[in-house]
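K.L.:
Below you'll find the structure I mean.
Nothing in this text is a laboratory measurement; each read-out follows from the coordinates by a stated rule. In this text, all values refer to a predicted model and were calculated from it rather than measured experimentally. Here Cβ is always computed from backbone atoms with ideal geometry, including for glycine, and neighbour counts include all displayed protein chains.
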Amino acid sequence: MFVTQAIAQEAAHGAAEVAHGAAESHGGGFPPFDSSTFASQLFWLALTFGFLYWFMSKVIVPRIGGILEMRQDRIAQDLDKAHELKAEADAAIAAYEQELAEAKASANEIGNKARDTAKSAAEAERQKVEKKLAEQLSEAEARIAQIRDKAMADVGSIAGETTEAIVSQLIGGSVTKAEIDKALKASEG
Amino acid sequence: MANDPIHQFQISKIIPIENVGGLDLSFTNVSLFMVVTVAVTSAFLYLTTANRGLVPGRLQSMSEMAYEFVASMLRDAAGTQGMRFFPLVFSLFMFVLIANLFGMFPYFFTVTSSIIVTFALAMLVIGTVVVYGFMKHGLKFLGLFVPEGVPGLLVPLVVMIEIISFLSRPISLSVRLFANMLAGHITLKVFAGFVTSLTAMGALGIGGAILPLAMTVALTGLEFLVAFLQAYVFAVLTCMYLNDALHPSH
């Protein structure tokens, strides 16, 4: 309550002082509308703003414009370079993959060839060995047959001699070989 | 006298240069702050961009941001053809903005609270529009006042309205800036004046002074916003008027 009163009083007082002060020091004129100062203000505005405009259009605007343009160019250039490098990298990857595929194919080929060669060599070797074995086998068979024939023939003479010995022991006389052979043949027959 | 809210707009001569061809061209406090505004603007923009850094520092970024802010404003409103007016719009924006912000310092003069200054800037804009419009389009520039698709009977009326609205542009452009700065500074001064008068009344007054003090703080924040906003509005309207000069048939 007191406060609002005080403010109201003070405001009234202030307003009175304003009116009084204005009337006293400015001769009743409100400074912004005092036309006696217009010439000076216009003159100095023209001078200062004219300089600002000249300085802006000659120095500041080209300079900042140049800086921004340079930055944009630089960014565009860097982007171009990045694209270029990416294309190069892609090409390198493609070349690498192609070479890899080629190498794989040639490795396969070499492997297949080596396997085929080894296989045919082994086959030839086996056939040779088998042939040799078969030869040896037939040779051995022939020899066995020969030995058996000879042994069979020997059996005849052994039987004769044995018979001769047995007969001489049994009957004490001697028997001629011719007689024994005859008897053996008869028994065989 | 210290509490007089009008006192801050008082113009005082620093170097009297009177009677130059019958004119008083004295160097006043207004002139001083015009010089300071232009010097600070030019020096800031010049020095921060001196390195021409590919990667901008903080200050260079500020200059570049101001440049791109105004450039995109102008491009949006008037197209790429409008960029020929870029130095003018950028100068106007920076001048008004820095002058407004300088006005926020205590004891500094607010250049844009002088009606003749804002009116001169507005006339510069409208003058540019009219001169460039007639140079570029000749009499076709008058097509600005005849909107398309208006029924024949209404054309005279609409043309009248268009002419009045065109003529009121420099007034609205200058008064808007002037009135905003003037009213803001007076309000600020009045509330600050309450604080000093109340504290002179003793303990109760000091308690009561808290309210206007808080108001002064809030208004100071608001005035910073207004300082930027009015510079922005001035520049945007300039762009729109320049668009009329470039493309009169709308």
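K.L.:
Would a scan of the range A:123-140 turn up a residue that is small (Gly, Ala, Ser), surrounded by 10 or more Cβ atoms within 10 Å (Cβ to Cβ) and under 60 Å from the mean Cα position of the chain (by Cα)?
P.N.:
Yes, the range A:123-140 contains at least one residue that is small (Gly, Ala, Ser), surrounded by 10 or more Cβ atoms within 10 Å (Cβ to Cβ) and under 60 Å from the mean Cα position of the chain (by Cα).
K.L.:
Here is a list of conditions, (1) within 30 Å of residue B:102 (Cβ to Cβ); (2) among the aliphatic types (A, V, I, L, M); (3) surrounded by fewer than 16 Cβ atoms within 10 Å (Cβ to Cβ), and residue B:157 meets all of them except one; can you say which number that is?
P.N.:
(1)
K.L.:
While we're looking at this one, here's another question. When you go through B:222, B:173 one by one, which is the residue that is away from chain A (no Cβ under 11 Å) and either touching a Gly at 6+ places or on another chain (Cβ under 9 Å) or charged (D, E, K, R) (or both)?
P.N.:
Only one candidate qualifies: B:222.
K.L.:
Determine whether the range A:39-47 contains at least one residue that is facing chain B (nearest Cβ under 8 Å) and either within 25 Å of residue B:52 (Cα to Cα) or not in a helix (DSSP H, G or I) (or both).
P.N.:
Scanning the range A:39-47 turns up no residue that is facing chain B (nearest Cβ under 8 Å) and either within 25 Å of residue B:52 (Cα to Cα) or not in a helix (DSSP H, G or I) (or both).
K.L.:
Sticking with this one: Residues that are touching a Phe, Trp or Tyr at 6+ places or on another chain (Cβ under 6 Å), at least 3 per element: which helices (runs of 4 or more DSSP H) completely within the range B:147-250 meet that?
P.N.:
B:155-199, B:210-246
K.L.:
For the range B:79-126, give me the residue count where each residue is farther than 20 Å from residue B:69 by Cβ and of a type in the set (Ser, Thr, Tyr).
P.N.:
5
K.L.:
OK, next. Please go through the range B:106-119 and pick out each residue that is part of a helix (DSSP H, G or I) and in contact with a Gly (Cβ under 9 Å, 6 or more places away or on another chain).
P.N.:
Passing the criteria: B:111, B:112, B:113.
K.L.:
Another question about this same structure. What number of residues within the range B:197-219 are surrounded by 14 or more Cβ atoms within 10 Å (Cβ to Cβ) and more than 14 Å from chain A (Cβ to nearest Cβ)?
P.N.:
Count: 1.
K.L.:
Hey, among B:179, B:227, which residue is closer than 13 Å to residue B:110 by Cα, surrounded by fewer than 21 Cβ atoms within 10 Å (Cβ to Cβ) and of a type outside the set (S, T, N, Q)?
P.N.:
B:179
K.L.:
Filter the range B:68-96 down to the residues that are more than 18 Å from residue B:227 (Cα to Cα) and touching a Phe, Trp or Tyr at 6+ places or on another chain (Cβ under 7 Å), then identify the one that is surrounded by the most Cβ atoms within 10 Å (Cβ to Cβ).
P.N.:
My answer is B:74.
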